[in-house]
1. Placing +1 at every Lys and Arg Cβ and -1 at every Asp and Glu Cβ, with all other atoms neutral, what dipole size does the stretch 41-164 have around its Cα centre, in debye to the nearest 20?
2. Determine the shape class of the stretch 160-199: with a ≥ b ≥ c the square roots of the Cα gyration tensor eigenvalues, call it rounded for a/c under 1.5, and otherwise prolate if a/b is greater than b/c, oblate otherwise.
3. Computed over the Cα atoms of the stretch 78-229, what is the convex hull's projected area averaged over all directions, in nm²?
4. Starting with the highest mean, order 97-110, 140-153 by the number of other Cβ atoms within 10 Å, averaged over the residues of each peptide.
5. Quote to one decimal, in nm, the extra length available between residue 120 and residue 97 on full extension: 0.36 nm per residue of separation minus the C-alpha distance between them.
6. Calculate the dipole size of the stretch 129-189 relative to its Cα centre from +1 charges on Lys and Arg beta carbons and -1 charges on Asp and Glu beta carbons; express the result in debye to the nearest 20.
7. Using +1 at the Cβ of each Lys and Arg and -1 at the Cβ of each Asp and Glu in the stretch 156-195, identify which of 185, 157, 173 lies farthest towards the dipole's positive end.
8. Among 126, 142, 48, pick out the residue whose Cα is farthest towards the positive end of the charge dipole of the stretch 33-146, where Lys and Arg carry +1 and Asp and Glu carry -1 on C-beta, about the Cα centre.
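Only the coordinates and a few stated rules stand behind these numbers; no lab work does. It should be emphasised that the depicted structure is a prediction, and the values quoted were computed from it without experimental measurement. Here the Cβ is made from the backbone with ideal geometry for all residues, glycine too, and neighbour counts use every protein chain on show.
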Amino acid sequence: MNQLIRCKNCDAIIMKTPFDQYPEYELSPEGSFENFRIIEKDDFQEFLILHHGHQLENLKIIENSFASERAYSEPVKISFFKATNGKDKFVVKKFREKIDEPLKYQLIFGDYYLQCTTIEIQEEEISKQLIRELKLPSSSTQISAFLKLYRHVAEDIDLRELERVPEESPYPLEIYYKIDDLHLMYLLRNCRNIFKGQEYSAMEEFIHRHKDDGVLLLKATYKIQLTEIAKPEKRAMAASLPRKKEKMVEK
Ligand SMILES: [Zn+2]
């Protein structure tokens, strides 16, 4: 099992993994397999030697606190998570500068939250489906009128009231949401100004059909807002940092 350990004297941290004991194999610069060398690796032993006589403590990773700006599958990236010793809460920055480097961990005093930067509708996908299903010409003013209306609905929406669609995006900071019933009703009502008679009925069906299947999902993009504070002993002057009142999701 992985164990996150902090040196209280230096604020260095290490993730002790079951793999610490295994040697790492490295290819020669030419990339040939014949002369690879073995690097004996024991990061944790190194850490213990470096922090000999210092006070160490276990940190517990706070569940669901992971945040990263790059795709989950991306090996070279910076991500953050939160950890606690039961009393204080820390931000842990986890990163790798090059693909062949081991992961590094850095302790940060402070906190972060996710700030929503944009809410978008999927214009291209909506237009494509409207052309295909309602047989509207791609130059149709009805399409642009509907997109304008839906954009207006999206701008007004409070994400905290929406249902999040899990795992729609490989990017941790792009989150998809399902439109709620109240805004759906508003959308339908205003569609009456754009579509008449049979066209309206077709549009009503279109909206109901696509509200769950991805076409009408709203895409919110977040950014990580990191607030660093001074170390607790030196915190007296820096007190607490002001928090902006913006659309945000606690992580
Ligand atoms: Zn130390």
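1. Dipole about the Cα centre, nearest 20: 60 debye.
2. Verdict is prolate for the stretch 160-199.
3. Across all orientations, the stretch 78-229 yields a mean hull projection of 12.4 nm².
4. 140-153, 97-110
5. On the way: separation 23, 0.36 × 23 = 8.28 nm, distance 3.18 nm.
Fully extending the segment from residue 120 to residue 97 adds 5.1 nm.
6. On the way: 8 positive and 11 negative charges, 86 e Å.
Using Cβ point charges on Lys, Arg, Asp and Glu, the stretch 129-189 gives about 420 debye.
7. With unit charges placed on the Cβ atoms, the residue in question is 185.
8. Comparing the listed Cα positions along the dipole, 142 ranks first.
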